[in-house]
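Below you'll find the structure, written out as structure tokens, and then a few comments.
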Amino acid sequence: MSSWSPGTPGDLDPILGTTRLLATGYEQARSVVAALAGDWQAARDVQLDLPATGVCSATLGVKAVAEQFGLAHDTPARLIAATTRHLDGHTSAADAVLAAAAELGIDKSAALQLAAFAADQFGSASIS
């Protein structure tokens, strides 16, 4: 993230990102150790408190768009994975999204709306 600067929309602070990564890793290790010790209640108890970044609200927004089109909850993740596979073979992100939509049998307008929402939330290039 060499281009990061405070207040840059769509980018996360690399220091906070590292802190979140360490906290998440610690929580996973704590949970695994508790499970290995046979303390299933402690293993299932999530003890993770992360600062708000807007990423969770973006996730809720993508979920809302998927629900609006009657898509399964895993459709956005599948669309991202398929679009990533198609990027090298297409001249634009929109063409890659449409190819991924065709591969997955997703309505084209739903796929483009999901992609546009994600691009808007995360400061990516235009999908249109």
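The values are calculated or read from the model by the stated rules, or taken from the named source; none is laboratory data. Remember, predicted model here, so these are calculated numbers, not experimental data. Here the Cβ positions follow ideal geometry from the backbone for every residue, glycine too, while neighbour counts run over all protein chains shown. Calculation scope for accessible area: heavy atoms of the full protein, side chains included, ligands and nucleic acids excluded. Shrake-Rupley method; radii C 1.70, N 1.55, O 1.52, S 1.80 Å.
Residue by residue through the stretch 85-108, note down the ones that are without any contact (Cβ under 8 Å) to a residue 12 or more places away in the chain and either surrounded by fewer than 14 Cβ atoms within 10 Å (Cβ to Cβ) or not aliphatic (A, V, I, L, M) (or both).
Result: Asp88, Gly89, His90, Thr91, Ser92, Asp95, Ala102, Gly105, Lys108.
Which residue pairs have Cβ atoms closer than 8 Å, lie 6 or more positions apart in sequence or on different chains, and pair a first residue in the stretch 54-80 that is over 9 Å from Ala110 (Cβ atoms) with a second residue that is modelled with pLDDT under 85 and outside any helix (DSSP H, G or I)?
Matching pairs, first to second residue: Val55/Leu12; Lys63/His73.
Identify, by number, the condition in (1) modelled with pLDDT under 80; (2) open to solvent by 80 Å² or more (accessible area, probe 1.4 Å); (3) within 14 Å of Phe117 (Cβ to Cβ) that Gly61 doesn't meet.
(2)
Consider Thr75 against the criteria (1) surrounded by 12 or more Cβ atoms within 10 Å (Cβ to Cβ); (2) modelled with pLDDT under 85: it satisfies all of them except one. Which criterion is unmet?
(2)
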